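Just below is one structure, and these are the notes that go with it.
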Amino acid sequence: MGASPIERTAGYSAAPGSPGSEGHPRSPGSGRKRSVTRVLVAGDLGCALLAHQVVLGARWWWGGYVPWFEMVFSAGLVLAWPVAMSFVGAYRRRVRAGGVEEIRLVLNGGLGLAAVVAIGAYVTKLMIARSIVIAMLPLAIVLTLVFRRCLRRRLRRRDPDRWAEHAVVAVGHRASVLDLAMELSSQPRYGMRVVAACLPGGAAPGQVLDVDGVPVLGDLTDVADAVARTSADAVAVLACPELDGATLRRLAWSLEATDTDLFVASSLMDVAGPRISVRPVAGMTLLHVDHPAFGGVNQLVKNVFDRVAAATALAVLAIPMLVIFVAVRATSEGPGLFRQTRVGLGGREFRILKFRSMVNGADRLGGAGSGAVPPKTRDDPRVTNVGAFLRRYSLDELPQLVNVLRGEMSLVGPRPLLPTEFALYGSDVHRTLLVRPGMTGLWQVSGRADLSWDERMRMDLRYVENWSLTLDLQLLWKTWGAVARARGAY
């Protein structure tokens, strides 16, 4: 019996004609990715130059003297800026899709360069203006992050498929491959798309299989061949009992010569990196998962921040909220506020407040569909004209600031559920009772009413499992963009 495709390519050198061997063309997207890298390098250099000109211009504007040595030295820092970004890995393919890792690497590169300048000046006794360290380099960090974000948005808008940095071969069971393909296609910011799949058992001879349009190109021994056939540049190995340690190791060897990225997913769902640490034990790589923390100082800080922010927002928005209240009362019969019982922290019920956006008594009239909560529709006849505008920009939810001030809700958290929803859906829903429900959250910034119930619940559970003050601030920042775009708001 001949060796499997994985075993035939398990060595460290590529066989003639194999991907990555001499004369074998790399992925068709390789040139594009190199061009994106060149744009990033040029853009980072331009950001550093702009920061350099702003700081020197400000010093000249205020009549400060800038010696020639500082001009030459700061110009050298401009040239060193992309070098620092490259040193920390800010041009790697998996970073270019954005996210927290890119922010962390840009900060590391900028702060690292600032530390080198500060320590070098101290050791050599060089007189370098403090504005270089405390103004120019921090400004370069901000400009670099803004530039990269704008570039990603422009590329995604012009050609979403072209922006997909990784063409991925997914390895695992059909359900897992389908989940991954759907998740990546709905979230283009990840910069990945599934182009082929390898399933346990593969396909029978002459049989053509696909997973929701993704072709199946063999079984677990055909991964390297599938990479070559599709010119993929990444392999995603999903939770699959058939892939033991030895097989996975041989797969990694077969991909080594082709510079193909290998991603291995654990069976842990929706658990973020800060809760996971790697521990080598007896030759095995073990993942240690910390329990989520729902109390302590961080929770106290969150509560104080919520109430202070809610009180401030109510003071600033008092007049606009009064105008909305009068507009609701004047354009349709009924009260200006809508009150409804929801379930909060620990299962305690409370009355949520909203500006009324439907005709009076609409909650008793029902709507399309069935279930605990009728699904929202774009043409719901119960929604008033003023209510449609309020819903589009989430203005109907402003009175919930009062719920936040009372301690019944948080600015960020899971969606507040109706009591009937707990009777209708599974026990996983009760996990959301460990934190206060929020005015905004993961699902609100990821599609809102366009998402299915399962997607909303998965995002709410992901928030509960990975709550942090940093995540709250990120979601609050993203909420502004989600409200302005009004996607999924009806």
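The values are calculated or read from the model by the stated rules, or taken from the named source; none is laboratory data. Treat the numbers as computed from the prediction; the structure is a model and nothing was measured. Virtual Cβ from ideal backbone geometry, glycine too; neighbours counted across all protein chains shown. Heavy atoms of the whole protein, side chains included, go into the accessibility calculation; ligands, DNA and RNA do not. Shrake-Rupley method; radii C 1.70, N 1.55, O 1.52, S 1.80 Å.
Being closer than 22 Å to Ala293 by Cα and either buried (at least 16 other Cβ atoms within 10 Å of the Cβ) or at pLDDT below 80 (or both), is that true of even one residue in the stretch 446-455? Within the stretch 446-455, none of the residues are closer than 22 Å to Ala293 by Cα and either buried (at least 16 other Cβ atoms within 10 Å of the Cβ) or at pLDDT below 80 (or both). Evaluating Arg415 against the criteria (1) modelled with pLDDT of 85 or more; (2) open to solvent by 40 Å² or more (accessible area, probe 1.4 Å); (3) closer than 19 Å to Thr341 by Cα leaves one unmet condition, (2). When the residues of the stretch 220-246 are filtered to those that are under 19 Å from Leu286 (Cβ atoms) and in a helix (DSSP H, G or I), the one that is least open to solvent (accessible area, probe 1.4 Å) is Ala246. The single condition from (1) at pLDDT 75 or above; (2) in contact with a Ser or Thr (Cβ under 8 Å, 6 or more places away or on another chain) that Val278 fails is (1). Residue selection: Gly31 satisfies the criterion of being more than 18 Å from Ala140 (Cβ to Cβ), assigned to a helix (DSSP H, G or I) and modelled with pLDDT under 90. Being under 25 Å from the mean Cα position of the chain (by Cα), assigned to a helix (DSSP H, G or I) and not hydrophobic (A, V, I, L, M, F, W, C) is the filter; apply it to the stretch 392-429 and report the residue that is nearest to Ser446 (Cα to Cα). My answer is Arg392. The set of residues in the stretch 336-352 that are under 30 Å from the mean Cα position of the chain (by Cα) and surrounded by 12 or more Cβ atoms within 10 Å (Cβ to Cβ) comprises Arg342, Val343, Gly344, Leu345, Ile352.
Taking first residues from the stretch 214-238 that are over 18 Å from Trp253 (Cα atoms) and hydroxyl-bearing (Ser, Thr, Tyr) and partners that are modelled with pLDDT of 85 or more and in a loop (DSSP other than H, G, I, E, B), the Cβ contacts under 9 Å between residues at least 6 apart in sequence or on separate chains come to Thr230/Leu217. Look at Trp443 and say whether it is in a loop (DSSP other than H, G, I, E, B), over 21 Å from Ala313 (Cβ atoms) and in contact (Cβ under 8 Å) with a residue 60 or more places away in the chain. Here the answer is no, as Trp443 does not meet what is asked. In the set Arg104, Arg156, Arg149, only one residue is of a type outside the set (Asp, Glu), in contact (Cβ under 8 Å) with a residue 40 or more places away in the chain, open to solvent by 50 Å² or more (accessible area, probe 1.4 Å) and in a helix (DSSP H, G or I); that residue is Arg149.
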